[in-house]
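Engineer: The structure that follows is given in the form of structure tokens.
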Amino acid sequence: MIEGLMIGLGAAFSLQNLLMVIAGCLIGTFIGMLPGLGPMSIIAIMIPVAITIGDPSAALILLAGVYYGAIFGGSTSSILLNAPGVAGTVATSFDGYPLARKGMAGKALTIAAISSFAGGTIGAILLMVFAPMLSTVALLFHSAEYFALMVVGLSAIAAFAGTGNVAKAILMTVLGLIMATVGEGALFNMPRFTMGLMDLQSGFSFITLAMAMFALPEAIFLVLNPARSAQSGGDAGKITGLRVSREEARKIVPVISRQSIQGFFIGVLPGAGATIASFLGYAVERNIASKEEQEEFGHGSIKGLAAPETANNAACTGSFVPLLTLGIPGSGTTAILLGALIALNVTPGPRLMIDDPQIFWAVIISMYIGNLVLLILNLPLIPYIAKVLAIPRNYLIPFILFFTLMGSYIGQNNSTELLILVGMGVGATILKFADYPLAPLLIGFILGSMLEDNFSRSMQLYDGIGFVLDRPMTLGLLVIAALLVVIPSYRARRARARQQGVAEGD
Amino acid sequence: MTFEFTRRTVMAAAAAAMTLGSSAMAGGNQVLDSIHFLIPGGAGGGWDGTARGTGEALTNAGLVGTASYENMSGGGGGVAIGYLIENAESNYGTLMVNSTPIVIRSLTGVFPHNFRDLTLVAGTIGDYAALVVSADSPLNSMADLLAAYDADPSGTAIGGGSVPGGMDHLVAAMVMEAAGKDALGVKYIPYDAGGKAMAALLSGEIKALSTGFSEAVALAQAGEVKILGVTADERVDAYADAPTMVEQGIDTTFVNWRGFFGAPGLPADKLAAYQEAIAKMYDTPEWEAVRARNGWVNIHNPGDDFKAFLEDQEKVIGDLMRKLGFL
């Protein structure tokens, strides 16, 4: 392993490769900030460039830079504009955006950068040490377990309902699940609920829904509520507290270390990936936080920001395990990377480490370097990026609207998306006024199709519901999911009962 | 100031993205000034790769001056087809890429049009289909798979990366049908991406996988899967160890083609120019580089050959789908 490490280091630290990684990180960060262009499309755009380079190590280093840059850039729009461009950064906006609204945008971006860096780096170490062993773990999960894992993810939604109205959160989750059924699923060759509209045939697009649920209502809210916008505009303009204090660091260090590991292992499963990792990371950290810290979640908790940011980066690194050791892409982005590797005459699989050790190590080293360069490049830029929020509201709102509309158009090149976006955005704004949480809807939508696909696959394979009892791991996960729902509501009821008891005692 | 900075970056990025595909090269053998490629799916998919690879080869070889690309996803490709038909006259400079699903999806009525509503330019490349099992599977030939199916039809699930009634399912059904089994009895498990289907095969969730031959070859060379049969007429040079279905007594062949279509009413001289550029492309080293990089098989079917091929495929697939109850 040490020998491989040296080969990789030797390959990575040439002048050419360092320039590659810097270029990749910059391109990735800036394009990634635009909602609508996630890592997948940016890498797809960069592949011809990478292939022209010819040298596989250099090309991979460039692409890894772009990949990490895009993930980091995506968190930026989540935090500053409440506009998550990829599903993996939805959870980042839960606490990142409230922090930015409180005038702590700089701090939020710093924490995001550090968490991403830590998640990516620890993930890379785990990848280096465990990759060969983990290839078998990646194959332990069948459709039944994926189904159960999605149920756990959905139950974790209780995390966002904890303080608010549980019934409302469940209602919104169900609405999200219903919206996920629109279009052609993986399991039916007939489109459902499209009302004969061809534009709905592929279902609602994630990016349109994310913009409609988060960014658009926020912008409309600011227009409708000038008092609030004036006041918060003043706050946000200050951008105080860029530095993370020692006490804050003490708070997030355990979160980062837990989530690096948890996120990495979730990422190893092909088909789970960064999105599930970020949701579960957020839910787990919220559940184990102390009572008063729990209250902060959703209102600008630095733990709530660090958890998903660490987990999604660690999961991205984890997704390289099935890619490099089995040649199986677990996500859309790794599928594109697989295409790039094959185009560079590298065939990932069990023989990669034996036949082309320099490539294998170059990939891993490129991850370290990508993460490190990203941190070095971005930390000095954060004060400038955060100043976006210092723009007076009357200029910022059109700016948000522009990026929202562009984001939903750019992926599909379809103007109907804009109509859907505006229609749903108005609906979401009404729901927001009625105090319905919008995050559960989006989570239901994201998990809905995976939940359904894996459930019906299992039903087909086992000719019925038998898989729940046949597969111990499925049963175990489902029990965890049930506990996630039951325990908080039991606790809440007992607390209420005790309060009543005290009242009666008086 | 920051605003300026961001905006400039956006524009620079946009400009960079635009210049990527259009490295024009002045050549003496230029056939066309420009081609606009219409891609009915998103960036990074098979259609996208085919259009961009073809455009790259055509421009680098100097056959075409510049190439531009437009992704228009939606409706399983139906949005782009509808657009090309409705705006035919302003799209004589446009070539749309498509593949076997245009036949399948027009049969199932996913979109109201079919290939006859467009001008057929040429089928350019193809990929055979294959049935594979994991390397440690006890099954070693199609005969073994058929025996396992006879013994336990419900336990012998075959997976694929397409919806029921989609290409991977039809290939599996076609093979079982040709082997004298009841295609309706085959338990087909759909996955939403080829990679996930492959993971399911290796994890033992499904017994066999119906997939594209070029994907199968990559994994067979890595020692992860065994190819039980390929749907080609004869063994394919890229991996001659893989036996054909035909030589195992299963009389069936299948090609997943990819090719290009023009707007309806495309003037004859335009059509001829497109076909000439594509025909000349096959002899260029630039195309060979793109083809080899992607593992594509040259299957050139210009104009009327393309029509005959598509009509034949439509009939075979239509019969099978009727039998399976999808029509």
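Bear in mind these aren't lab numbers, they're just calculated from the coordinates by the rules spelled out. Keep in mind that what you see is a predicted model, and the values were worked out from it rather than measured. Neighbour counts are summed over all protein chains in view; Cβ atoms, including those assigned to glycine, are modelled from backbone coordinates with ideal geometry.
Engineer: How far apart, in nm, are two points set 7 Å out from the Cα along the Cα-to-Cβ line at A:Arg192 and at B:Asp144?
Structural biologist: Here the modelled spin labels are 3.8 nm apart.
Engineer: Per-residue HN-Hα couplings for the stretch A:252-268, Karplus 6.51 cos²θ - 1.76 cosθ + 1.60 at θ = phi - 60°, whole Hz, x for Gly and Pro?
Structural biologist: After applying 6.51 cos²θ - 1.76 cosθ + 1.60, I find 8, 4, x, 4, 5, 5, 4, 6, 4, 6, 4, x, 4, 5, 5, x, 5 Hz.
Engineer: Let me ask something else about it. Ratio of alpha-carbon Rg to the 2.2 N^0.38 Å globular estimate for the stretch A:2-505, to two decimals, please.
Structural biologist: With N residues counted in the stretch A:2-505, Rg over 2.2 N^0.38 Å equals 0.96.
Engineer: Specify, per residue and in Å³, the volume enclosed by the convex hull of the alpha carbon atoms belonging to chain B.
Structural biologist: Per-residue hull volume (Cα only) is 154 Å³.
Engineer: Which of rounded, prolate or oblate describes the stretch A:94-163 when judged by the alpha-carbon gyration tensor and an a/c cut-off of 1.5?
Structural biologist: Numbers: a/c = 5.31, a/b = 1.35, b/c = 3.94.
Oblate shape, in that a/c is at least 1.5 and b/c is the bigger or equal ratio.
Engineer: Okay, next question. Tell me which residues come under 5 Å, amide H to amide H, from B:Ile189 once H is placed; ignore anything under 5 positions away on its chain.
Structural biologist: For B:Ile189, the qualifying residues are B:Ile158, B:Gly159, B:Gly160.
Engineer: Then there is this: Only helices at least 18 Å long along their axis, Cα-based, and averaging -0.5 or more on Kyte-Doolittle count here, so list those DSSP H runs from chain B.
Structural biologist: Long hydrophobic helices here: B:2-20, B:268-281.
Engineer: Moving to a separate point now. What three numbers, in Å, describe the spread of the alpha carbons of the stretch B:127-254 along their principal axes, ordered from the longest?
Structural biologist: 34, 29, 27
Engineer: Shifting gears a bit: So for each of A:316-322, B:31-37 I average, over its residues, the number of other beta carbons within 10 Å; can you give me the resulting order with the highest mean first?
Structural biologist: In decreasing order of mean packing, A:316-322, B:31-37 become A:316-322, B:31-37.
Engineer: Continuing with the same structure: For the stretch B:242-327, what mean projected area does the convex hull of the alpha carbons give, in nm²?
Structural biologist: 8.5 nm²
Engineer: So if R0 is 41 Å, what FRET efficiency would A:Val244 and B:Asp283 give, r being the distance between their Cβ atoms, rounded to the nearest 0.05?
Structural biologist: Step by step, r from the Cβ atoms, then E = 0.10.
Engineer: Given 0.36 nm per residue, what is the gain on full extension from A:Ile465 to A:Glu293 after removing their alpha carbon distance, in nm?
Structural biologist: Using 0.36 nm per residue and subtracting the Cα-Cα distance, I get 57.9 nm.
Engineer: If you don't mind, another one. Would you mind getting the Kirkwood hydrodynamic radius of the stretch B:112-163 from its Cα pairs, rounded to one decimal in Å?
Structural biologist: 14.8 Å
Engineer: Now for a different question. Please tell me which of these pairs span more than 27 angstrom C-alpha to C-alpha: A:Lys303/A:Lys387; B:Lys196/B:Lys226; B:Lys280/B:Lys315?
Structural biologist: Cα-Cα > 27 Å for B:Lys280/B:Lys315; rest within.
Engineer: Take peptide A:385-392, look around each residue's Cβ out to 10 angstrom, count Cβ atoms belonging to other protein chains, and average those counts.
Structural biologist: Other-chain Cβ atoms within 10 Å of each residue's Cβ, averaged: 2.
Engineer: If I take R0 = 51 Å and measure r between the Cβ atoms of A:Glu3 and A:Val223 in this structure, what FRET efficiency does the formula 1/(1 + (r/R0)^6) give, to the nearest 0.05?
Structural biologist: Efficiency, rounded to the nearest 0.05: 0.25.
Engineer: For the protein assembly as shown, with the dipole built from +1 on Lys and Arg beta-carbon atoms and -1 on Asp and Glu ones, taken about the Cα centre, which of A:Asn82, B:Val175, B:Gly74 lies farthest toward the positive end?
Structural biologist: A:Asn82
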